[in-house]
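Have a look at the structure below before the remarks.
The values are calculated or read from the model by the stated rules, or taken from the named source; none is laboratory data. All values reported here derive from a predicted model rather than from experimental measurement. Virtual Cβ from ideal backbone geometry, glycine too; neighbours counted across all protein chains shown.
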Amino acid sequence: MSHLISVSPAPPADALETAPEEQHHLANQPQRPLRLLSYNIQVGITSTRFRHYVTRSWRHVLPHIGSFENLDQIAHLISAFDIVALQEVDAGSFRSFFVNQIEYLARRGSFPHWYFQTNRNLGKFAQHSNGLLSKFAPHKIIEHKLPGVIPGRGMMEVRYGSEDNPLVVLLVHLGLGKRARQRQLTYLGRLANKHRYAIVMGDFNCQAQSQEMAALLNMTDLREPAKELLTFPSWRPLRNIDHILVSASIQPCNIEVLPYAISDHLPIAMDITLPADIRL
């Protein structure tokens, strides 16, 4: 099932009319690369050594003032990007000083558009969420609840450009179990197949060489331009479980993992060249 969020009122009809000569001018203007980034920020608690899973475990449930310094560093990093997918973000609870971390990062990183999906609502104790930060206004956002034995995994479907020919960005944080991931990736693949231009970003909790990832790529025209970019754990990356996938119709460039060990994941970044018929 999914839930539709109203982003902004539709413009008046006359605002949508463009003179043919202006349309031709816009269609022939070169577009700069669109800068994408996906980052599991681990609620800003800073696990940069294996022992921190034990010594800093209390930070998952109790507030610590150092989280704001970590968030400020993350905001500085992400400010250079156009669309940012965030995982393991708190939307405002006791452990985050009741601060919505997505909103905080949007304001500190100068993103005019921000949205969040809370997948596990534990009231004042925790608001487990995914987040989107964007320099461009989407025309529609749909929340999806992903299948799984244990509830609490979600996906955001974000549509940019025109209604009849959108650029669709899917933001995910998949389950820890293989069977759950297989069901979630099948759901994701069926949705991606409905659109010509699709981007999938997030923490997949599985590697590019896994069976479930292979099944997704076989059922769609999605591709992973760089399969050996290791993101986890941040202090000694051994696994590539954070991914940015794009449709075959989208041209990627400048793909890299950034050396920002603030979380137990490293952020992954990609620039893409938009097709000529997509205007954000």
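Some points to look at:
- Subset of region 244-260 (residues that are small (G, A, S) and not in a strand (DSSP E or B)): A248, S249
- Scanning region 259-269 for residues that are farther than 15 Å from D203 by Cα and in contact (Cβ under 8 Å) with a residue 60 or more places away in the chain turns up Y260, A261, I262.
- Only residues that are more than 16 Å from L217 (Cα to Cα) and not charged (D, E, K, R) were counted in region 175-200, giving 4.
- Those strands (runs of 3 or more DSSP E) of region 123-170 in which at least 1 residues are of a type in the set (F, W, Y), considering only elements entirely within it, cover 154-161.
- Residue match in region 270-278 (condition: more than 30 Å from D164 (Cβ to Cβ) and surrounded by fewer than 14 Cβ atoms within 10 Å (Cβ to Cβ)): no
- The set of residues in region 50-98 being among the β-branched types (V, I, T) and at pLDDT 95 or above consists of I74, I78, I83, V84, V89.
- Unmet criterion (only one of (1) out of contact with any His (no Cβ under 9 Å at 6 or more places or on another chain); (2) part of a loop (DSSP other than H, G, I, E, B); (3) of a type outside the set (S, T, Y); (4) surrounded by 14 or more Cβ atoms within 10 Å (Cβ to Cβ)) for L217: (2)
- Among residues of region 73-84 that are closer than 10 Å to L105 by Cα and touching a residue at least 24 places away in the same chain (Cβ under 8 Å), those with a beta-carbon under 8 Å from a residue that is among the small types (G, A, S) and crowded, with 24+ Cβ neighbours inside 10 Å at least six positions away or on a different chain give the pairs I74/G44.
- Look at region 198-212: where a residue is assigned to a loop (DSSP other than H, G, I, E, B) and a partner is small (G, A, S), sitting 6+ places away or on another chain with Cβ atoms under 8 Å, you get N205/G175.
- Taking the criterion of being touching a helix residue (DSSP H, G or I) at 6+ places or on another chain (Cβ under 8 Å), among the aromatic types (F, W, Y) and at pLDDT 90 or above, the residues of region 113-166 that qualify are W114, Y115, F116.
- Those residues of region 220-249 which are surrounded by fewer than 15 Cβ atoms within 10 Å (Cβ to Cβ), within 19 Å of the chain's Cα centre (by Cα) and within 12 Å of I268 (Cα to Cα), in sequence order: K227
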